[in-house]
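Encoded as structure tokens, the structure appears first; notes follow it.
Coordinate-derived values only; no laboratory data. Predicted, not measured: the structure shown is a model, and the values here were computed from it. Cβ placement follows ideal geometry from the backbone for every residue including glycine, while neighbour counts extend to all protein chains displayed.
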Amino acid sequence: MFDSLSSKLTGAFTSLRSRGKITSSDIDATCSDIRAALLESDVALTVVEAFIEAIRAKSLAALPTLQSGTNQAQVIFEIVNTELIEILGGAGRRVRFAKNPPTVIMLAGLQGAGKTTLAGKLAKFYADQGNTPLLVASDLQRPNAVTQLQVVGESVGVPVFAPEPGNGVGNPMKVAEQSLAYAKTKLYNMVIVDTAGRLGVDTELMQQVIDIRNVVKPDEILFVVDAMMGQDAVRTAKAFQDGVGFDGVVLTKLDGDARGGAALSIAKLTGKPIMFSSNGEKLTDFDIFYPERMASRILGLGDVATLAEQAKKAFDGEATAKLEEKFARGDDFTLADFLEQLEAMSKMGSMSKLLGMLPGAGAMKKQIENFDESEIVRTKSIVQSMTPLEREDPKVLNGSRRARIALGAGRKVQDVNSLVDKFTAAQKIMRQMRKGAGMPPAMAQGMGIPAGMGAAIGGHQHGGQKGQQLAKKKSKSGNPAKRAAQEKG
Amino acid sequence: MGIFSQFVAKIKGQSTADPQDWQELEAELLGADLGPTLTFEIIRSAKSIKGDDAIASLTQILNSHLSAKPRDLIMSNDVTVVMVVGVNGTGKTTSVAKLAAYLKSSGNSVVLAAADTFRAAAVDQLQTWGKRVGVDVIAGKEGAEPASVAFDAATRTKELNSDYLIIDTAGRLHNKSDLMAELEKVKRVVEKTLAVSEVLLVIDATTGQNGIAQAKIFAEAVEVTGLIITKLDGSARGGVALAIESALDIPIKFIGTGEGDTDFALFEPSSYLSGLISD
């Protein structure tokens, strides 16, 4: 998602970077590029205007403090980044658990936003953390919504409270009310209430969801919104805010190529944080929403933090601990580690999604979406054809060893060469990253995976260069204005 | 209230609009999801209009952005096959049911094919609708190959010699090339038995500029012949549909305006335009 926005913004910054010295008219030109990009991305007009004004003012204020030779484009970039994070909701917020269980979460939103699927994802997310959620079928309106929730519940292994058949039969308020009593006797610690989709302008149905709210007194009301939504997002969000009210926002269908301006608009105009995002058809395609990560993604910096977390989930504890230890000792990341990771990776499936989170991913969107998964197998076969010594220390790889490996893997010598080159580059980045102070070990360890993977697979050149950019971003700038911008971020 | 009404009222009796009016018009058009490209185009061509012939000029300008293709369903001599496609949650299944009710009410025999075998309970949802509007639904099992369900449906409808076969397909995001390939296959396989006369893309009126990307990629994959705009009973104006017509020359054929099976109508460009401009 946000791909087009990020590629447009990246374009604006590239042209800015190509200038030696930035003048105020460059800033105006960049601002007008950003304005068009944001409008194209469905950000509400009022939000766009406010955003542009803030960027312009801050950029102009920063200009005189910059000495020539400093990376002025980078400073402006940081200003935009900071501003984006601020709009997207600053630091994210987690669900508030009730003092006396069950914690009640109620979902509300337009038709087709993805509430029912989301209910299942949310239930799985919390069940995996050791909670005991109960799904409640209070959408008695859409034909077979109840059945859908039951199917979803079954596939995530979460019970569904559905005393009414739906299809217009039954009272959703009663169902919600009964579910609380049921949850209390059966000791479920969380209740997730799915409600029917409704339009913001439908006062009758808005009253119905208010009635449900008054009965279940939810700890969290989540407004579920389609990331593809246009300018109406603002009107609809306002209507729900004034009607049933909500505490947080969930963005769905983020795996599309929508630019997701709705997210920016809703966060800005309702002041409610985006708490979760949902990005795929599988019930595990769901995560907490991180504003700073999304801002990085909009700006084309990649989403390495999410990647690190996904990687952590995918790798078994022992291997992860081993790798962490290795890192702590200051040992190098070797091809043997790389192979282990490749194996864990191939168990995970959707390589293209993981690659999509890499820095610079927007530029190779097409390649990533159509990533040839068998590339992993081919890469694995090359590493597997190496001796343990070669895996530990690729420096020993002379011509004859490379020829032997190519023969063993059924690949060309060039393939071996290119893998080794990219791996060496990745290894170098990892060393730099480790030197970068203040990075949590888990993140460094997680980043090792994408850095290695990104460089070694798929034959693209972005891994090394962009990785360096990232490493650079982590270090504090010597320039006061720049550092201030960083610290603020 | 139409998106141009305020503008028209303001410049009435004036020789031209002042900068403030243009800015307000721009905000209005952008707010209706026409998108920056179409908005700037319309404003550029509107710059020359005079206050008193504003309505006629605007109608003409907007008309030039509408598709000239026919808006009635293209009929086949054999069974007329209509495929309904779109991204997730736009209202495909509901639209299929409404279209069936619409065609049935004018005396046609209609068969529905439940080729959304992916989403949980989508087949049940269509069957419930089938019972409600009184048409037969041909379904496979959940998780069945959608192309095989569609093929069976085509074969059986041909035998029955019904007037229409409407195929409901699973929602898919247009950037998933494997799912788009699956959709192409559904069409290909149906065409072994019956020609597909119409591929209708369902666009949610709340959709923003992403709708253009949706239409473009669906059209590349399965030659979309028309649009169904849904959820027009909400506060969304559905301006992206206009942007799609303008950019891709795909006509809007139907609009959905509610959850009942009769909340559905043919798209009437002239009344639509007068609604935008003068109401």
Quiz prompt | Distance from region A:184-222 to region B:178-217 (C-alpha centre basis), Å | solution = 35 Å
Practice problem: Return the subset of A:LYS121/A:LYS186; A:LYS58/B:LYS50; B:LYS69/B:LYS192 for which the Cα-Cα distance in this structure is over 32 Å, preserving the input order. | Solution: A:LYS58/B:LYS50
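What's the average, rounded to a whole number, of partner chain beta-carbon atoms within 10 Å of each residue's beta-carbon in A:223-229? Walk me through the numbers before you get to the answer.
Values: counts 0, 0, 1, 9, 2, 15, 7.
Mean partner-chain Cβ count within 10 Å for A:223-229: 5.
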Quiz prompt | Average partner coverage of A:230-243, which counts Cβ from other chains inside 10 Å | solution = 5
Quiz item: What does the average come to when, for each residue of peptide A:107-114, you count the partner chain Cβ atoms lying within 10 Å of its Cβ?
Solution: 5
Quiz item: Taking only C-alpha pairs under 8 Å that are 6+ residues apart, what is the relative contact order of region B:4-77 in percent?
Solution: 35 percent
Self-check item: Listed residue pairs exceeding 32 Å between alpha carbons, taken from A:LYS268/B:LYS98; B:LYS10/B:LYS98; A:LYS422/B:LYS176; A:LYS115/B:LYS216
Solution: A:LYS268/B:LYS98; B:LYS10/B:LYS98
Exercise. Take the Cα atoms of region B:1-80, find their three principal axes, and give me the spread along each one in whole Å, biggest first.
Key: 57, 24, 22
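Mind pulling up the Rg/Rh value for region B:134-256? Radius of gyration and Kirkwood radius, both on Cα.
0.99
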Quiz item: Among all the aspartates and glutamates, which ones have a C-alpha under 19 Å from A:LYS322's C-alpha, if same-chain residues fewer than 8 places away are not counted?
Solution: A:GLU309, A:ASP331, A:ASP332, A:ASP337, A:GLU340, A:GLU343, A:GLU392, A:ASP393
Quiz item: What trypsin sites (Lys or Arg not before Pro) does region B:1-58 have in DSSP loop regions with at most 10 other beta carbons within 10 Å?
Solution: B:LYS47
Self-check item: Packing-based order for B:180-189, B:31-40, A:404-413, using average beta carbon neighbours within 10 Å, highest first
Solution: B:31-40, B:180-189, A:404-413
Quiz item: Using the Cα gyration tensor of region A:68-218, with a ≥ b ≥ c the square roots of its eigenvalues, what is the shape: rounded (a/c below 1.5), prolate (a/b larger than b/c) or oblate (neither)?
Solution: prolate
Exercise. Starting from the alpha-carbon convex hull of region A:103-298, give the projected area averaged over all orientations, in nm².
Key: 10.0 nm²
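From the cross-link list A:LYS174/A:LYS217; A:LYS174/A:LYS282; B:LYS92/B:LYS187, which pairs have alpha carbons spaced over 21 Å apart?
Cα-Cα > 21 Å for A:LYS174/A:LYS282; rest within.
Once you list every other residue whose beta carbon is under 15 Å from the beta carbon of B:GLU223, what net charge do they have if Lys and Arg are +1 and Asp and Glu are -1?
Numbers: positive: B:LYS69, B:LYS185, B:LYS187, B:ARG188, B:LYS216, B:LYS253; negative: B:GLU184, B:GLU191, B:GLU198, B:GLU220, B:ASP249.
Taking every Cβ under 15 Å from that of B:GLU223, the sum is +1.
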Quiz prompt | Order by protection proxy (mean Cβ within 10 Å, highest first), peptides B:55-67, B:154-166 | solution = B:154-166, B:55-67
Practice problem: Assuming a ≥ b ≥ c are the square roots of the Cα gyration tensor eigenvalues, decide whether region B:58-169 counts as rounded (a/c under 1.5), prolate (otherwise, with a/b larger than b/c) or oblate. | Solution: prolate
Exercise. Output the antiparallel fraction of DSSP beta bridges having both residues in region B:148-279, as a percent to the nearest 5.
Key: 25 percent
Quiz item: What ranking do A:220-231, B:262-273, B:195-206 get when scored by the average of other Cβ atoms within 10 Å per residue, highest first?
Solution: A:220-231, B:195-206, B:262-273
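With an 8 Å cut-off on Cα pairs and a minimum separation of 6 or more residues, tell me the relative contact order of chain B in percent.
26 percent
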